[in-house]
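Here is the structure we will look at.
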Amino acid sequence: MGPAFGVVLRGYRTTLGMTQEELADRSGLSVRAIRNLEIGRTERPQRQSITLLATALHLTEPDHANLLAAAGRNHPHQGRCELPPDVPGLVGRDADTIIHMLTTPGPRLALVTGGPGVGRTALATHVAHRVRDRFPDGQVYADLDGTSSVDAVLGRVLRSLGTTHLPTTRDERASLLRADLAARRVLVVLDNVASEAQLRPLLTTGAASAVLATSRRELVALPGAYPVRLDPLTDDEARELVFRLVGHRIPAAPQATRAVLDACAGLPLALHIAGTWLAARPHRPVADLATLLADRDLVLDRLSVADLSMRASIAAHVAVLRPDERWLLHQLGHLPVLRPVELSRRLAMVEPALRDGLDGLTQANLLAPLTQGYRMNHLVRRYAREEGGLPRLRAAT
């Protein structure tokens, strides 16, 4: 195995017209180490050393795999896999574009954002499973919900990569992690990232590893990130999702199905809850669920099954708002028209300050901008209306 690897390595090096000294300088390995590899004295090079050499030689993924195979280290999924179970059968989501971005040369950071119940985690998990073979040194997963400490995030990922003695300072942890990600082929999946500060220490200029993150907010201060903003499903996509869960009962009840889809506002989480409710009650007609969801005062209570809850999903978005943004959201829940000029008058706010608040709610994916004004889906509006303890305005007649 050793001599074969040495022959392959020497072939790639000489093709580039590179000396052993130049390869050592670019890879960070010693000249002696490279010489031992090429003559077969080192029989089984470490995967990390192979990755450093592949990066220094600018190898393509097939050539990198060839180098790993020559060293007898081409077995898939050798690294630790922490990914949640895959979510098969996603509807209306483009996974291929994200996969291409995560597996081609260049900065590999994809950021999936969107509103409550839109399916950020499901898409990220599905993508991560599809690219597992491209990151054989491990697939790290961490849900950062409720974790604001950058030190905690760094420690969490480092421990997953095998670090047993964590550095004490943040800079040392970040440096160690960047070096590790640059030298190995690791996919880091971070769910529910709260801020840019949580991501920056994990970013590396190396092309070996990749980061796939989800966030409830638009993280606008991350240059180089590939943004993926998820919108609600179209009517046809929503119908297909429920049909996969329920089957023939959907086309048999077109009007009731239409009412259920409208109540779910095109949100995959709400549609999954509705489909699960129907699948668990094969003796109940679709019209029964449509009637239950027609009560807008109770619709959030109805859209809950087991540990799935639209109310909880919306609450998680609202929880990270600033107090002034939260106040504004509650007020908007009682106003049918969301145009800045009219809102400024109704809320007695100067327009620039109002627009800042509206921008904040838009970046939190609780409002959607329109050509003239903003739109709030009826489930978010219901949640905003039922939140008590703040002054409310009478809805316009």
Please verify whether Arg284 is among the basic types (Lys, Arg) and either assigned to a loop (DSSP other than H, G, I, E, B) or touching a residue at least 24 places away in the same chain (Cβ under 8 Å) (or both), treating the condition exactly as stated. yes
Among the residues of the stretch 239-249, is any crowded, with 18+ Cβ neighbours inside 10 Å and in a strand (DSSP E or B)? no
Return the residues of the stretch 189-232 that are in a loop (DSSP other than H, G, I, E, B) and under 21 Å from Ala315 (Cα atoms); say none if nothing qualifies. Asn192, Val193, Ala194, Ser195, Arg216, Arg217, Glu218, Leu219, Asp231, Pro232
List the residue pairs whose Cβ atoms are under 8 Å apart, where the first residue sits in the stretch 45-62 and is assigned to a helix (DSSP H, G or I), the second is basic (Lys, Arg), and the two are 6 or more positions apart or on different chains. Arg47/Arg73; Arg47/Arg184; Gln48/Arg184; Ile50/Arg73; Thr51/Arg184; Thr51/Arg185; Ala56/Arg26; Glu61/Arg134
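Scanning for something acidic (Asp, Glu), touching a residue at least 60 places away in the same chain (Cβ under 8 Å), crowded, with 20+ Cβ neighbours inside 10 Å and assigned by TED's automatic domain parsing to the domain that holds Ala110, does the stretch 141-157 turn up at least one residue? Break it down stepwise before answering.
Keep residues of the stretch 141-157 that are acidic (Asp, Glu), which gives 143, 145, 151.
Filter once more, so that each one left must be touching a residue at least 60 places away in the same chain (Cβ under 8 Å): 145.
Keeping just the survivors that are crowded, with 20+ Cβ neighbours inside 10 Å gives none.
Checked the stretch 141-157: no residue is acidic (Asp, Glu), touching a residue at least 60 places away in the same chain (Cβ under 8 Å), crowded, with 20+ Cβ neighbours inside 10 Å and assigned by TED's automatic domain parsing to the domain that holds Ala110.
Each row is one residue, and each column tells you yes or no for (1) in the same structural domain as Asp145 (by TED's automatic domain parsing); (2) in contact with a helix residue (DSSP H, G or I) (Cβ under 6 Å, 6 or more places away or on another chain); (3) farther than 22 Å from Leu245 by Cα; (4) not aliphatic (A, V, I, L, M).
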| position | (1), (2), (3), (4) |
| --- | --- |
| Pro285 | no, no, no, yes |
| Leu293 | no, yes, no, no |
| Val337 | no, no, yes, no |
| Leu370 | no, no, yes, no |
With Val260, Val341 as the choices, which residue is out of contact with any Ser or Thr (no Cβ under 8 Å at 6 or more places or on another chain) and at pLDDT below 95? Val341
Give the residue that is farthest from Asp180 (Cα to Cα), with candidates limited to residues of the stretch 144-161 that are touching a Leu at 6+ places or on another chain (Cβ under 8 Å) and in a helix (DSSP H, G or I). Val153
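Tell me which residues, restricted to the stretch 103-121, are on the phi > 0 side of the Ramachandran plot and either in a loop (DSSP other than H, G, I, E, B) or outside the structural domain of Asp86 (by TED's automatic domain parsing) (or both). Before you say what the answer is, go through the steps one by one.
Of the residues in the stretch 103-121, the ones on the phi > 0 side of the Ramachandran plot are 106, 114, 117, 119.
Passing the criteria: Gly106, Gly117, Gly119.
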Restricting the search to the stretch 298-313, which residues are among the hydrophobic types (A, V, I, L, M, F, W, C) and within 17 Å of Gly275 (Cβ to Cβ)? Val299, Leu303, Val305, Ala306, Leu308, Met310
For the stretch 250-281, the count of residues that are closer than 21 Å to Asp231 by Cα, of a type in the set (Gly, Ala, Ser) and in a helix (DSSP H, G or I) equals 5
Taking the stretch 1-44 and keeping residues assigned to a helix (DSSP H, G or I), farther than 24 Å from Ala179 by Cα and of a type in the set (Asp, Glu) leaves Glu38
On the basis of being farther than 30 Å from Ala4 by Cβ, touching an Asp or Glu at 6+ places or on another chain (Cβ under 8 Å), assigned to a helix (DSSP H, G or I) and not assigned by TED's automatic domain parsing to the domain that holds Arg44, does Ala124 make the cut? yes
Tell me, please, whether a residue that is under 30 Å from Leu269 (Cα atoms), buried (at least 19 other Cβ atoms within 10 Å of the Cβ) and touching a helix residue (DSSP H, G or I) at 6+ places or on another chain (Cβ under 7 Å) can be found in the stretch 79-93. yes
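If you take the residues in the stretch 180-194 that are of a type in the set (Gly, Ala, Ser) and over 29 Å from Asn365 (Cβ atoms), which one is surrounded by the most Cβ atoms within 10 Å (Cβ to Cβ)?
At the first step, the residues of the stretch 180-194 found to be of a type in the set (Gly, Ala, Ser) are 182-183, 194.
Now narrow it down to the ones that are over 29 Å from Asn365 (Cβ atoms): 182-183.
Values: Ala182: 18, Ala183: 23.
Per the criteria, the residue is Ala183.
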Could you say whether any residue in the stretch 279-286 is hydrophobic (A, V, I, L, M, F, W, C) and under 15 Å from Ala265 (Cβ atoms)? no
Please go through the stretch 25-37 and pick out each residue that is more than 24 Å from Pro136 (Cα to Cα) and surrounded by 13 or more Cβ atoms within 10 Å (Cβ to Cβ). Asp25, Val31, Arg35, Asn36
Could you figure out which of (1) of a type in the set (D, E, K, R); (2) under 20 Å from Ala142 (Cα atoms); (3) in contact with a strand residue (DSSP E or B) (Cβ under 7 Å, 6 or more places away or on another chain) isn't true of Arg229? (2)
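The values are calculated or read from the model by the stated rules, or taken from the named source; none is laboratory data. Predicted model, so just to flag it, every value in this text is computed and none were measured. Every residue, glycine among them, receives a Cβ derived from its backbone with ideal geometry; neighbour counts consider all protein chains shown.
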